[in-house]
Amino acid sequence: MRFLFGLALCAALAACGGGGDPAAPDVPAVVTITPNGAATLASGAGLQLSATYRDTKGRVVNNPSITWTTADASVATVAQSGLVVGVRTGTADITATSAGASSSVTVTVTPGAAVKLVVTTQPAGAASGVLLTTQPVVEVRDNADNLVTTGSVLVAVGVSGGTVTGTTSLTAQQGVARFTDLTVRGTIGSRTLVFTSGALASAASNSFDLSAGPAVAIGYRGTPPRLRSGIAGGASGVAAQLLDSEGNDAALSGRAVTVAVSGGAGTTNVSGTAAVTNAQGRALFSALTVTGVAGARTLTFRADNITNPATATLTLLGGAPQRVVVERDVPLTVESNTIVSPAPIVRLVDSVGNASPESGVTIRATSSGATLASATAVTDTLGRATFSGLSFISGTGARTVQFAATGLAEVTSRSIEVTPPDVSPQPTSILTAASDADTAVRNIELGTTTSVRTPFLLARDAQGQAMATTGVRWVSRDPTRATVAADGRITGAQPGRTFVVAQASRNAGIADSVLVFVPRSGTGPIVRATLPSYRVRTDTFSITIEIVPRDGRTLSAADMEIAWPGSRAGVFSPFNVTGFSTLAANVQTQFVDAQQSLRLTWASTAPVSGAVQLIRLRCTVNQRGQGNQVVITLNQLLQGDLSDITAVTSVFNPVVVIP
């Protein structure tokens, strides 16, 4: 047994190397990177690295756990797969580590392809037409903002507004374009330089302010100059401005500037023609005084060290008022206690005779031996005063009117014949039907086409004495316009006019009638010619033209024609219009059609409420036993807000019967 155990032990020892070569020693574990040593790649490009791990016996370990790191991630990054990506130019060590063993490779990153331009030095110190005090510098960069020093890149420059001059295209040297002689021209304000190069992304500079350049010209600034004759302009007078080559205001003080004045009618006297520029380059001619006939003048400005003069057109206006003159004289005749029409107009003039645009001056009108009403007027912005309401209250015969203002020479009008007021008797009738609300002898107006009015009956004998009446029979000549009941109640039917006759039932010879006027329905105004009765029994009579609002409207203007069938060659009429008097201010009249009609316009300076009496016609009877009418044609009527109300206005043309 012991023998067998010994043999077995010997065999075991032999199997364990107890005999032959000794076992190999351990070695350090190793990581090997491929490619090894150093590598180069462009910015933005990738490089795949791999690593092999050997253990202490020198054996390759399959699928070892490798950790990849970079010494400078701003230069190159590495993924755990071993993929290296270049970021910016420079070098970075990439290390692979496994089980305590590591190895590194140095990666050099070079610039990538050029993709954009970048402004590295911003332009500054920009005055129009002057070299930039700080010239711009532009670099060529790749996508990672690396300077690309290779290749030939041509960089061009432009400007946002205006022009840029100098060397505006430059080839970059080592990726850098250094501009040295750029000048920007244009109007003052914010500017930006823009740099371009083919397909590369352009670059814009920071904005900078372009200021005015040196003074090389002179010009006039502002609205066309205006001066009043003989009056210096003062702080708001004529001024000239120094300019740079682009027309910007050039700020330069102390430069001497002169102005010359030429043109215009007559003799022109000029003073105060020298000035000096202030800090803004502006020369104010505050003492410039031009005296002469109003009109256009040419101003010529010259400045020291500037070759070309500048011109501007001066408008010379009237100067300070010296006297009053008549612009529109008084008419040849006027009726006492009526408004002088057309209204006289006077104006102010200066020492040369120019119209003086002096507003707010009070002009007074007087007449020796007469009393005037509305005898003051105030000048407007043109220096004109209109005596719209002037009238003679007392004093008849040949008169003159003196117009004067404080401190000014007065003026006397031509002679005007002042006639006594119209006192012709008003016509009456024997038997009259009239409004029950009015005992005067008159026509009847209905308020609307459905209004009802009840006249009363007044009977008089041939001597005009009141007399008793028995029954009365009523008749409407045109029932389509108005009807009349047995008790005398009149009802309107449709717009128009008709006669309603009242006849004594027991004496057919005693009769009279009223003229009934039915206006348009609604509340529009009425334009009418009024007289106490359409039946005229006197040799002279008057007709008044008036406008009557019915609903509280205000009135502002009217235009109409008034016609009458006066006698003329081959035509006979029972009466003629022999004269007239205007009753409202601002009434203008003109005879037309061989004196058989009158054009009348009226305009108020402010809306008028209530009835407006415009004119009174003085009429003379030619022959009795006839009849006719006055015809009013309304062209336009404006209410207070200047809207046209002609379409809703009714016109009443009365009949005139001369028995």
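Taken together, the residues in the stretch 225-284 that are within 29 Å of Gly129 (Cα to Cα), part of a loop (DSSP other than H, G, I, E, B) and among the hydroxyl-bearing types (Ser, Thr, Tyr) amount to 3. Going through (1) in a loop (DSSP other than H, G, I, E, B); (2) surrounded by 19 or more Cβ atoms within 10 Å (Cβ to Cβ) one by one, Ile306 falls short only on (2).
Of the strands (runs of 3 or more DSSP E) contained entirely in the stretch 27-66, those carrying at least 1 residues that are surrounded by fewer than 12 Cβ atoms within 10 Å (Cβ to Cβ) and hydrophobic (A, V, I, L, M, F, W, C) fall at 38-42. Out of Thr300, Thr258, Thr277, one residue alone is without any contact (Cβ under 8 Å) to a residue 60 or more places away in the chain, surrounded by 20 or more Cβ atoms within 10 Å (Cβ to Cβ) and out of contact with any helix residue (DSSP H, G or I) (no Cβ under 8 Å at 6 or more places or on another chain). It is Thr277. A single member of Ala375, Ala343 is closer than 17 Å to Ala405 by Cβ and touching a strand residue (DSSP E or B) at 6+ places or on another chain (Cβ under 6 Å), and it is Ala375.
In this structure, Val656 qualifies as out of contact with any Ser or Thr (no Cβ under 9 Å at 6 or more places or on another chain) and surrounded by 14 or more Cβ atoms within 10 Å (Cβ to Cβ). Taking the stretch 295-316 as the range and being touching a Lys or Arg at 6+ places or on another chain (Cβ under 9 Å) and within 22 Å of Ile231 (Cα to Cα) as the test, the residues that pass are Thr313, Leu314, Thr315, Leu316. Screening Ser245, Ser336 for residues that are closer than 30 Å to Thr400 by Cβ, among the polar types (S, T, N, Q) and either modelled with pLDDT under 95 or assigned by TED's automatic domain parsing to the domain that holds Val352 (or both) leaves exactly one candidate, Ser336. Applying the selection to the stretch 280-297, what residues are of a type outside the set (Gly, Ala, Ser) and surrounded by fewer than 17 Cβ atoms within 10 Å (Cβ to Cβ)? Result: Gln280, Val293.
The values are calculated or read from the model by the stated rules, or taken from the named source; none is laboratory data. Worth saying up front: this structure is predicted, and the values here are computed from it rather than measured. When we count neighbours, we look across all protein chains shown, and the Cβ atoms used for this are built from the backbone with ideal geometry, even at glycine.
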